[in-house]
1. Can you work out ³J(HN,Hα) from phi for every residue in segment 50-61, in order, using Karplus 6.51 cos²θ - 1.76 cosθ + 1.60 and θ = phi - 60°, giving whole Hz and x for Gly and Pro?
2. Just how far, in whole angstrom, is segment 209-252 from segment 152-181 if you go by their alpha carbon centroids?
3. So what's the net charge close to PRO100: Lys and Arg +1, Asp and Glu -1, counting the other residues with Cβ under 11 Å from its Cβ?
4. By counting other Cβ atoms within 10 Å of each Cβ, how are GLU282, GLU204 ranked from fewest to most?
5. Separation between the PHE237 and GLN46 pseudo-spin-labels, each 7 Å from Cα along Cα→Cβ, expressed in nm?
6. Taking the Cβ of GLU216 as the center, what net charge do the other residues with Cβ under 10 Å away carry, scoring Lys and Arg +1 and Asp and Glu -1?
7. Apply the Karplus curve 6.51 cos²θ - 1.76 cosθ + 1.60, θ = phi - 60°, to the phi angles in segment 180-196 and return the couplings in whole Hz, x for Gly and Pro.
8. For LYS129, what residues show an amide H to amide H distance below 5 Å, using hydrogens built from the backbone and excluding near sequence neighbours?
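Quick note: the coordinates plus some simple rules give every number you see, no bench work behind them. Model, not experiment: these values are computed from the prediction. Neighbour counts run over all protein chains shown; Cβ positions are idealised from the backbone, glycine included.
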Amino acid sequence: MMTKAAVLYLLAILFRVRHSDQWLFTLSLAQAGEFGFVLLGYSVDQFILPVDLAQILSMVVALSMFLTPALFILFERIIQPRYQQSGDDREADTIDTQGPVLIAGIGRFGQIVNRLLVAQGVNTVVLDKSTDQIDMMRRINVRSFYGDACRPDLLHTAGINECKLMIVAIDDPPRSVTIVHYIKQHFPHVQVLARAFDRGHHYELCDAGADYVISETYDSALNLGAESLVRLGVHPFKAEQIKQGFIQLERSQKDELYRSWLEEDGLRGYGEHYQKLFIRLEALLKEAFNSDRSDRHSKSERGWTPPPKDYLKDFDDKY
């Protein structure tokens, strides 16, 4: 008869459980359940087990249920971090290709950028510090390399000298600022396009020298906001007009807000002057959207201007 340990080992092999997941798999199966009390009670009633032995086994079952939460906390705080650290100590991959675009980070944001460029025939070199992410990308045939883009030697191997663009899409604000600063200091010919986590990170990337910065949720939030207006009864043309107006007003105030953040009392941050500018921007937005804009369309909005009333009647008369 196979022991429980042997069964667990075979199951781990069958389902390809590896590394820290083996611990998690074992801990999840090690706990006895409430049904153990039922079995012990039935065994005593049928005179299969003596009462004193059943009492000891009941205590074992109760202790396993009591200790399991503590074991999972131990796993999360002590065992799992060790596996993560060992993954970070892995040697960087040998980069055997170069291209005009170097991408740091192949998470949910970097993936979209990379797919778009590759679909257009652009040869990209992708770096990521997460072993799990690299392994997943390789399983779906996305060529990428394990390595820290903060390492100058790795950037040289990846061909930073010949790159035209460096796309910084890592999910780590301090490291992304470090990368941007290093690239612009040592390779000023490389255009750096960076992903910002929030407004403060956006300003830090600009200050580090990034040529183009985009907030990761900005466009998706605008699109969702416009869709919300449509579902509240606003005409789709009007909703798009409002969205474009919002973008234009934000852009018109962008430089002034950045300068205020940069020079706020000699310290970078959201001081009193910045707050006043932001409140003014919100007031401008409300003023612009509450006014009648029907006769003040810009060229960028004309494509979204609603057709004149009863235009279908004129169309029917002519055709």
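1. x, 4, 5, 5, 4, 5, 5, 5, 5, 5, 4, 4
2. 30
3. Value of the local net charge: 0.
4. GLU282, GLU204
5. Taking the two extended label points, one gets 7.9 nm.
6. Summing Lys/Arg as +1 and Asp/Glu as -1 gives -1.
7. 4, 4, 5, 4, 6, 6, 9, 9, x, 6, 7, 7, 10, 10, 10, 9, 9
8. GLY147
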